[in-house]
Each structure stands twice: as C-alpha cells, then as structure tokens.
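The values are calculated or read from the model by the stated rules, or taken from the named source; none is laboratory data. All values reported here derive from a predicted model rather than from experimental measurement. A quick note on method: Cβ atoms are made from the backbone with ideal geometry, for glycine too, and the neighbour counts reach across all protein chains shown. Ligands, DNA and RNA are stripped out before the accessible areas are found, and what is left, the full protein with its side chains, is counted by its heavy atoms. Shrake-Rupley method; radii C 1.70, N 1.55, O 1.52, S 1.80 Å.
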Amino acid sequence: MSEDSNSRWDLNSSFILSGHRKSAFIPYRPTNTVLTNLQRGNTETDSSEISLNFHEKAAQGEITEEMVKEQALVDAVDQYEFTALHWACYYGQLSSVKILVKCGADVNKLAPDYVSPLLLAAAGGHNEIVKFLLQHKADINHTDIVGNTALMYAAGGNHPHTCNELIAFHPDLTESNENGDTAYSLAIRNKASLAQTVLENHIFSYFLK
C-alpha cells in the first residue's frame with residue numbers, strides 16, 4: 001500500500017459510531033492504490049508491471065496455502081500494523097480468510113486501536129466471514145479503542161445478515177461504547193432500518209420465551 005499523498009486512506013465517516021469522537025475503526029479507505037485499481041477492473045492497468053506484496057494479495061483473494069507457508073510469520077504485520085487476515089477481512093475475501101486461518105492466523109490479533117479481524121468483517125457486512133471467524137473462536141464481545149463491538153458496527157452499517165450471524169453467537173446486546181450507545185441505539189441513530197428490525201425481532205423473541 002503506497003504512502004504517497006494520492007494513496008493515503010481517509011477515515012470512513014459512515015463508520016463513525018461514537019458521536020463527537022471519531023471511532024478508530026476502519027482507519028483506511030483506498031483511493032488510488034494499485035490494489036484498488038485491480039478491484040475496480042481497471043483494464044488500463046498494466047498487470048505485467050504490478051507486484052503485489054503478500055498482504056495485498058490476501059486482500060485481493062489471490063493467496064494459496066503454499067504462499068502462506070512460505071511466509072516467516074502468518075501474522076506478520078505491514079506498515080499499517082495490519083496482518084494479512086485483517087486485510088482479507090476488510091475486503092471480504094473469504095477464500096483468503098479460510099487459508100490464513102487454516103495456516104494458523106490468529107483470529108483475535110489486534111491492529112492499532114484494538115481493531116480485530118472480526119470488527120473489520122462485521123463493519124463491511126461480510127457475513128460469511130463473520131460466521132467463519134466466530135466458528136474459529138473470534139471474540140464476539142471484543143471492543144475497539146472507543147468501545148465499539150462487531151455488532152455495533154454491523155448494526156450501525158445496516159448489515160442485517162451480519163447482525164443475524166452475530167446474534168446466533170449470543171453477543172452482549174447491552175454493551176455500550178464510550179458514548180453510551182448500544183448496537184440498537186446506533187442502528188436507530190444511523191437510520192439503519194434493516195439492522196434495527198433484526199435487533200428488534202431478536203429482543204422481542206427473547207422476552208416472549
């Protein structure tokens with residue numbers, strides 16, 4: 001990931017869930033990186049001159065088990081202190097996630113600001129990855145530096161399928177971030193109607209038992 005001024009990544013305002021203080025979550029958003037051009041299907045990109053590093057290949061879904069085994073450390077971090085698993089979760093690359101976890105990647109490895117792979121997957125609405133990580137012992141109630149959980153990001157981002165996957169693993173719905181917001185209040189605040197409905201149905205069914 002280039003560090004020139006044109007490829008710096010900006011905070012994604014749609015995931016600022018903690019009111020007056022910006023959440024530390026999703027600190028990067030691609031602009032003009034080589035990886036982004038490839039994902040956009042930029043036919044003008046000369047692939048013969050492109051050399052992606054391991055982390056970028058994981059984000060692109062282009063790694064193999066053999067490639068992972070060639071790495072000195074599966075959880076090695078890049079210049080942003082993200083592991084390959086963080087990037088794969090951010091970009092929703094289930095195949096990369098499965099390979100990395102099979103090869104021993106730590107599903108609870110933390111990037112700066114306590115960002116876990118699960119938080120990245122949940123915020124992006126990558127429900128299949130969320131389910132896979134939870135099946136492999138990802139901490140469902142882990143919070144980032146400002147107290148946001150995976151369910152908070154899924155709810156605030158209006159990702160109903162991801163909310164359902166998380167709810168199936170019994171998260172703490174009463175958990176609140178440093179502003180006192182819960183997943184449900186964030187769904188309301190962000191007008192995330194689909195996620196709000198999922199949470200309401202779950203809450204109502206709980207009280208009807």
I'd like the accessible area for Val74, computed on protein heavy atoms only with a 1.4 Å probe and all protein chains in place. Round to 10 Å², please.
30
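Can you put Met152, Met67 in order of accessible area, largest first, using a 1.4 Å probe? Before the final figure, lay out the partial values.
On the way: Met152 0, Met67 45 Å².
My answer, sorted largest first, is Met67, Met152.
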Per-residue accessible area for Tyr206 at 1.4 Å probe radius, Å² rounded to 10?
140
Taking a probe of 1.4 angstrom, what is the accessible area of Glu62 in Å², to the nearest 10?
90
Separation in nanometres of the label points that stand 7 Å from Cα toward Cβ, at Ala168 and Ser95
2.3
Counting other Cβ atoms within 10 Å, which trypsin sites (Lys or Arg not before Pro) in segment 49-140 have at most 12 and lie in a DSSP loop?
Lys137
Want the number for Glu200 to Thr64: 0.36 nm per residue separation, take away the alpha-carbon distance, what's left?
44.9 nm
Could you tell me how far the Cα centroid of segment 63-91 sits from the Cα centroid of segment 107-159, in Å?
17
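Full extension from Glu128 to Leu73: what is 0.36 nm times the residue separation minus their Cα-Cα distance, to one decimal in nm?
Result for the pair: 17.3 nm of gain on full extension.
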